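First the structure, in the form of C-alpha cells, and then the observations on it.
The values are calculated or read from the model by the stated rules, or taken from the named source; none is laboratory data. Only a predicted model underlies this, so the values are computations on that prediction, with no experimental measurement involved. Every residue, glycine among them, receives a Cβ derived from its backbone with ideal geometry; neighbour counts consider all protein chains shown. Surface areas here come from the heavy atoms of the whole protein model, side chains and all, with no ligands, DNA or RNA. Shrake-Rupley method; radii C 1.70, N 1.55, O 1.52, S 1.80 Å.
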Amino acid sequence: MEEGKGHILVVDDNKMNRLKLSRSLEVQGFTVGLAEGGQQALDSLKIESFDVVLLDIVMPGMDGYQVLERIKGDPQLRDIPVIVISALDETESAVRCIEMGAEDYLPTSFDPVLLRARLNASLQKKNLRDLEVAYLEQEMTLRQNEKLATIGRLSAGMAHELNNPTAAAKRGADNLVDTLTLSLIHISEP
C-alpha cells in the first residue's frame, strides 16, 4: 500500500483532539472521518469503509474498551486495525487493549512520526488481509465452477448412457418387427 494513503476513523470525545489529529493525518495524505463517541463510531463503521480506527479509551457513554469489544466481535468489522490513543498511560490499559485485539496502543502525547509508522504498518497488514480474503473468495468461486463443470459432464455422460440402451432396444424392436413382417409375408405367400 502506498504510504500516506488510507481512510482513517478518529474516535475521540474531545473536539480539539479530533481536529488536531485529523488535520495532521490529512496533511500526511490520509482521508479522515470523525466520531465524537463510541456509538457514532460504530454507526460510521457500518455505513462507511475505513482502513484503520484511532480510538480514545476515556469517553462518556460507551468507552473505548466497549467500542473495541464491539468492533472485534463483529465479523464484518473485526479485521479493521484499531490503534488506541489514550491519556491513560498505564501498562494495564495497554495490555488489556492489545489482548482485546487492538493493533497498537499509544499515549496521547505520541510522536507523530511514530503514529505514521504504526498507521502504515497497520495499513500494510490490512491490505495483505484484504488480498488474502479476495484470493480465498476467488479460489472458492473457481472450485464451485469446477464442481458445476464436473456435474455438467457427468449429466451429459449419464444422458448419453441412458440414450444408448434406449437406442439398442429400439433397434432390437425394429429388427423384430422386420422379422415378423417377413415371416408374415412368407406365410401368406402360396
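When GLN66 is tested against (1) under 27 Å from the mean Cα position of the chain (by Cα); (2) farther than 17 Å from LEU115 by Cα; (3) part of a loop (DSSP other than H, G, I, E, B), just one condition goes unmet, and that condition is (3). Filtered by the rule that a residue be of a type in the set (A, V, I, L, M), free of Cβ contacts under 8 Å to residues at least 40 places away in the same chain and within 19 Å of ASP74 (Cα to Cα), segment 92-109 gives ILE98, MET100. Quick check: anything in segment 13-23 on the phi < 0 side of the Ramachandran plot, among the basic types (Lys, Arg) and without any contact (Cβ under 8 Å) to a residue 12 or more places away in the chain? Yes, some residue in segment 13-23 is on the phi < 0 side of the Ramachandran plot, among the basic types (Lys, Arg) and without any contact (Cβ under 8 Å) to a residue 12 or more places away in the chain. Checking LEU106 against (1) open to solvent by 50 Å² or more (accessible area, probe 1.4 Å); (2) modelled with pLDDT under 90; (3) not in a helix (DSSP H, G or I), only one condition comes out false. Which one? Tallying (1) open to solvent by 50 Å² or more (accessible area, probe 1.4 Å); (2) modelled with pLDDT under 90; (3) not in a helix (DSSP H, G or I), LEU106 fails exactly one: (1).
How many residues does segment 1-32 hold that are crowded, with 18+ Cβ neighbours inside 10 Å, more than 16 Å from MET59 (Cβ to Cβ) and under 23 Å from the mean Cα position of the chain (by Cα)? So the answer is 4.
What are the residues in segment 47-63 that are within 17 Å of the chain's Cα centre (by Cα) and either in contact (Cβ under 8 Å) with a residue 12 or more places away in the chain or surrounded by 20 or more Cβ atoms within 10 Å (Cβ to Cβ) (or both), if any? Scanning segment 47-63 gives GLU48, SER49, PHE50, ASP51, VAL52. Is it true that ILE83 is at pLDDT 85 or above, in contact with a Ser or Thr (Cβ under 8 Å, 6 or more places away or on another chain), of a type outside the set (D, E, K, R) and open to solvent by less than 90 Å² (accessible area, probe 1.4 Å)? For ILE83, the condition - at pLDDT 85 or above, in contact with a Ser or Thr (Cβ under 8 Å, 6 or more places away or on another chain), of a type outside the set (D, E, K, R) and open to solvent by less than 90 Å² (accessible area, probe 1.4 Å) - is met. Within segment 152-161, can one find any residue that is aliphatic (A, V, I, L, M), open to solvent by 90 Å² or more (accessible area, probe 1.4 Å) and either within 31 Å of the chain's Cα centre (by Cα) or within 18 Å of LEU25 (Cβ to Cβ) (or both)? Within segment 152-161, none of the residues are aliphatic (A, V, I, L, M), open to solvent by 90 Å² or more (accessible area, probe 1.4 Å) and either within 31 Å of the chain's Cα centre (by Cα) or within 18 Å of LEU25 (Cβ to Cβ) (or both). CYS97 satisfies every condition listed in (1) open to solvent by 100 Å² or more (accessible area, probe 1.4 Å); (2) assigned to a helix (DSSP H, G or I) except (1). Suppose the filter is surrounded by 11 or more Cβ atoms within 10 Å (Cβ to Cβ), of a type in the set (Val, Ile, Thr) and at pLDDT 75 or above; does VAL177 pass it? The answer is no for VAL177. Considering LEU114, LEU136, the condition of being closer than 30 Å to MET16 by Cα, part of a helix (DSSP H, G or I) and not acidic (Asp, Glu) is satisfied by LEU114 alone.
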